[in-house]
Amino acid sequence: MTAIAMDDDTIHWVDEARSQARRKILRLVHNVGPAFLHATDKGRYVAEPDWWWTSGFWPGLIRLASDGDEELNGIADIAEDRLFGILQNDGFFQLHHDVGFQFVPTAVMRFRQTGSPEARRRGVIAAQILMGRFNPASGVIEAWNGKDNRGISIIDTMMNLPLLFWASETTGEPRFANVAVTHLETAIPAFVREDHTVHHIVRFDPEKGGRIEALGGQGYAPQSAWARGQAWAIYGLAIAARYTGVADYRVLSRAIADRFLDLNALHGVPPWDFRAPDAATAVRDSSASAIAACGLLELSALGDPSAREQAEELLRILSERSATVDDDKEDGLLKNATANLPAGYGVDASLIYGDYFFFEALNRLGGGATCW
Ligand code: GLY
C-alpha cells in the first residue's frame, strides 16, 4: 500500500490517536483474548458465538495493531482457527454473505502478511461460499438464509465483494470477480437513488429476477438514508474500482461520499439515519464515519485530490468527540455507534467494526497495513 503524504501536524495527531487506540486494544486483548465481539453493554464488549457475522473484526483488529508482534498475531490466529472450525459443525448453516467480513480481516489478511498456504486456502473456501449465494435468476448475491429471506439483497454486500475480487487475484480465475461484477451491475441501479443515497435492503424476485421493493432494514424507512449503509457503499465501490479499474465505480463511490459529507455537515458524527425525523438529536453512528473515512482513503489512493483531507476531517472529529482514549470504563475505541436501532440492539454503544475501521483508517493514513 502506498503511504499517504502528510504534514507534521497530521503525522502528530495520527500517531497520537493510533498509539492511544493501540493501548486500548492491548488492554482488551489482555481482558478478553481471542473472543468474538460485536457491541458493548455499559462499556464492556459482550462475547458472541463464533459464527456471528462480526467474528472477523476483533481478530482482524488485533492483527492490524500487532505491528508484527508474534504473541498478538498468535491470539488472532487462535480466533481464526475457531472461526474456520465452524465449517465442521452446525455453525456452517449460520454463514451468509458476511463471510467477507469474517474471512477478509482474518485468513486473507494473514495470507497477505505471511503468505501462509493454509490462510489462502481458508480465504478461497470462504470466497466459494460467498459465490455460492449468487442467484443467476436475479443477478445478485442473496444476503441471508431461510424462506423469508429469498431474493433479499442488502447494501452491506458491497463490502463483502472484496473477498471475491481477492479470490480471483490469488487463483487467477475470473469466475469469482465475474460474480462480483454481475452483482454490482444489478445492485447499483436497484439500490442507488438519483440523489446518491442508498437503500439498505432490496427484494428481488428469486425465480424470475427483477426488483420487487425496497425495505427499511436497519434504517428509519425504505426511503431513508441509514448512515452505515451509505458508508458500506462508499468503501465497497471504491475497492471494486481498484480491483476492476472500472472508473464508473470510482465516480459513483465519490458521488455517494459527496452526499454523505453533505448530509453529515451539520452533525460531525453522523446520526444513525440521516433522514430520521429527529436526526439532529438522535443517537449517532460513529462506525459509519470510520467506514466512510476508509472509503475516502481508498478514493485518495485511486487519485482523488480531495478525499484524503475529507477522511482526515472525519477522523479528527471522531478522535475529538467519540474516541474513548484512556477511559478504562469503555472497552471500545469509539463510543456513539449504533448497530440496529429498529431492533433495539447495540444502540449508542461501541461496535467492533467501528473500532476496526477507525484503526484501519489511522493505519492507512500512516502507510500501515490494510487487508481489503
Ligand atoms: N448488517 C451489517 C451492519 O449492521 O452494518
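The values are calculated or read from the model by the stated rules, or taken from the named source; none is laboratory data. Predicted, not measured: the structure shown is a model, and the values here were computed from it. Virtual Cβ from ideal backbone geometry, glycine too; neighbours counted across all protein chains shown. Protein only, heavy atoms only, side chains kept; ligands, DNA and RNA dropped before computing areas. Shrake-Rupley method; radii C 1.70, N 1.55, O 1.52, S 1.80 Å.
Observations, loosely collected:
- Qualifying positions in segment 167-197 - among the β-branched types (Val, Ile, Thr) and part of a helix (DSSP H, G or I): THR170, THR171, VAL179, VAL181, THR182, THR186, ILE188
- The numbered conditions (1) crowded, with 24+ Cβ neighbours inside 10 Å; (2) farther than 21 Å from CYS371 by Cα; (3) of a type outside the set (A, V, I, L, M, F, W, C) are all true for TYR235 except (2).
- Residue in segment 93-107 that is more than 21 Å from the chain's Cα centre (by Cα) and more than 16 Å from the ligand (Cβ to nearest atom) present: yes
- Pairs linking a residue in segment 198-224 that is open to solvent by 20 Å² or more (accessible area, probe 1.4 Å) and part of a loop (DSSP other than H, G, I, E, B) to a residue that is aromatic (Phe, Trp, Tyr) and within 13 Å of the ligand (Cβ to nearest atom), with Cβ atoms under 9 Å and 6 or more positions apart or on different chains, are GLY217/TRP226; GLN218/TRP226; GLN218/TRP272; TYR220/TRP226; TYR220/TRP272.
- Verdict on ALA238 being more than 16 Å from the ligand (Cβ to nearest atom), touching a Cys at 6+ places or on another chain (Cβ under 9 Å) and not aromatic (Phe, Trp, Tyr): yes
- Selection status of LEU184, modelled with pLDDT of 95 or more, hydrophobic (A, V, I, L, M, F, W, C), away from the ligand (no atom under 16 Å from the Cβ) and open to solvent by less than 20 Å² (accessible area, probe 1.4 Å): yes
- Elements of type helices (runs of 4 or more DSSP H) in segment 286-368, at least 1 residues being more than 15 Å from the ligand (Cβ to nearest atom) and either farther than 24 Å from ARG63 by Cβ or among the hydroxyl-bearing types (Ser, Thr, Tyr) (or both): 286-301, 307-321
- Tally, over segment 32-41, of residues that are open to solvent by 20 Å² or more (accessible area, probe 1.4 Å) and out of contact with any strand residue (DSSP E or B) (no Cβ under 9 Å at 6 or more places or on another chain): 1
- Apart from one condition, THR10 fits all of (1) closer than 30 Å to PRO305 by Cβ; (2) within 16 Å of the ligand (Cβ to nearest atom); the exception is (2).
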